[in-house]
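Below is one structure, written out as structure tokens; comments come after it.
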Amino acid sequence: MSISRILASPRFLGFSLMVLGISASAVGCTSSKPGIGPDTATVARSLADSVAKAEQSSAGALRDSARAALASLLKDPTSAAFDSLVVVQPPALNGRTSPMVVCGRIRGKPGIGGRSGPAVFVYQNRMTVFVEDASNKNAFGQVWDETCGHPQSRVVAR
């Protein structure tokens with residue numbers, strides 16, 4: 001194959017564009033030596049991975065805390081059974097990031113408030129737990145709609 005055919009081939013053009021992309025991103029590096037140091041895309045991916053790992057770790061700790069706190073509300077904490085358990089990141093409120101919450105249902109013997117069926121809850125932290133019951137349906141519904149049920153909420157962990 002002739003050099004002119006190689007240079008005009010789609011495979012070579014794709015390779016050339018890739019090399020140009022690498023060269024262009026390397027120009028934006030802050031390294032004093034050309035070609036040394038990570039490119040911006042690599043740094044961005046690494047940062048995004050770190051943030052995702054930290055978020056998953058926080059979500060796991062929050063979920064574990066919710067399980068322990070809600071189980072302690074039962075007469076027999078060892079009977080606690082959870083379902084529909086998710087950690088959610090609600091949308092920002094007034095320009096500020098909202099804290100993650102745990103949403104789900106708990107059953108136990110006897111259930112919270114003497115119930116025989118599951119109780120729906122929103123757990124924000126050890127001091128802020130909302131459990132739906134007959135006396136707070138409207139207030140609980142508002143909390144649910146702002147957190148777990150909000151269309152812009154993002155599930156972080158299940």
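The values are calculated or read from the model by the stated rules, or taken from the named source; none is laboratory data. What you see is a predicted model, and the numbers here were worked out from it, not measured in a lab. Note: ideal-geometry Cβ built from the backbone for every residue, glycine included; neighbour counts use all protein chains shown.
May I ask you to say which residue of Ser116, Ser98 is outside any strand (DSSP E or B) and without any contact (Cβ under 8 Å) to a residue 40 or more places away in the chain?
Result: Ser116 is the single residue among Ser116, Ser98 that is outside any strand (DSSP E or B) and without any contact (Cβ under 8 Å) to a residue 40 or more places away in the chain.
Within region 1-19, identify whether any single residue is modelled with pLDDT under 75, small (Gly, Ala, Ser), more than 30 Å from Pro151 (Cβ to Cβ) and not in a helix (DSSP H, G or I), and answer yes or no. Yes, the conditions are met somewhere in region 1-19. Can you find a residue that is at pLDDT 90 or above, of a type outside the set (Phe, Trp, Tyr) and within 21 Å of Val156 (Cα to Cα) anywhere in region 37-59? Checked against the condition, which is being at pLDDT 90 or above, of a type outside the set (Phe, Trp, Tyr) and within 21 Å of Val156 (Cα to Cα), region 37-59 yields at least one hit. Mind listing just one residue for me: the one in region 38-58 that is within 21 Å of Val88 (Cα to Cα) and exposed (fewer than 12 other Cβ atoms within 10 Å of the Cβ) and, of those, nearest to the chain's Cα centre (by Cα)? The residue in question is Ala52.
Can you tell me which residue among Val122, Val129, Val155 is surrounded by 19 or more Cβ atoms within 10 Å (Cβ to Cβ) and either β-branched (Val, Ile, Thr) or farther than 29 Å from Ala54 by Cβ (or both)?
Values: Val129 fails: surrounded by 19 or more Cβ atoms within 10 Å (Cβ to Cβ); Val155 fails: surrounded by 19 or more Cβ atoms within 10 Å (Cβ to Cβ).
Going through Val122, Val129, Val155 in turn, the sole match is Val122.
In region 83-95, what count of residues is obtained for those that are touching a Ser or Thr at 6+ places or on another chain (Cβ under 6 Å) and either over 22 Å from Ala61 (Cβ atoms) or part of a strand (DSSP E or B) (or both)? Residues meeting the conditions: 1. Determine, yes or no, whether Pro91 is surrounded by fewer than 18 Cβ atoms within 10 Å (Cβ to Cβ) and touching a residue at least 40 places away in the same chain (Cβ under 8 Å). When the stated conditions are applied, Pro91 passes them.
Apart from one condition, Gly141 fits all of (1) in contact with a helix residue (DSSP H, G or I) (Cβ under 6 Å, 6 or more places away or on another chain); (2) surrounded by fewer than 18 Cβ atoms within 10 Å (Cβ to Cβ); the exception is (1).
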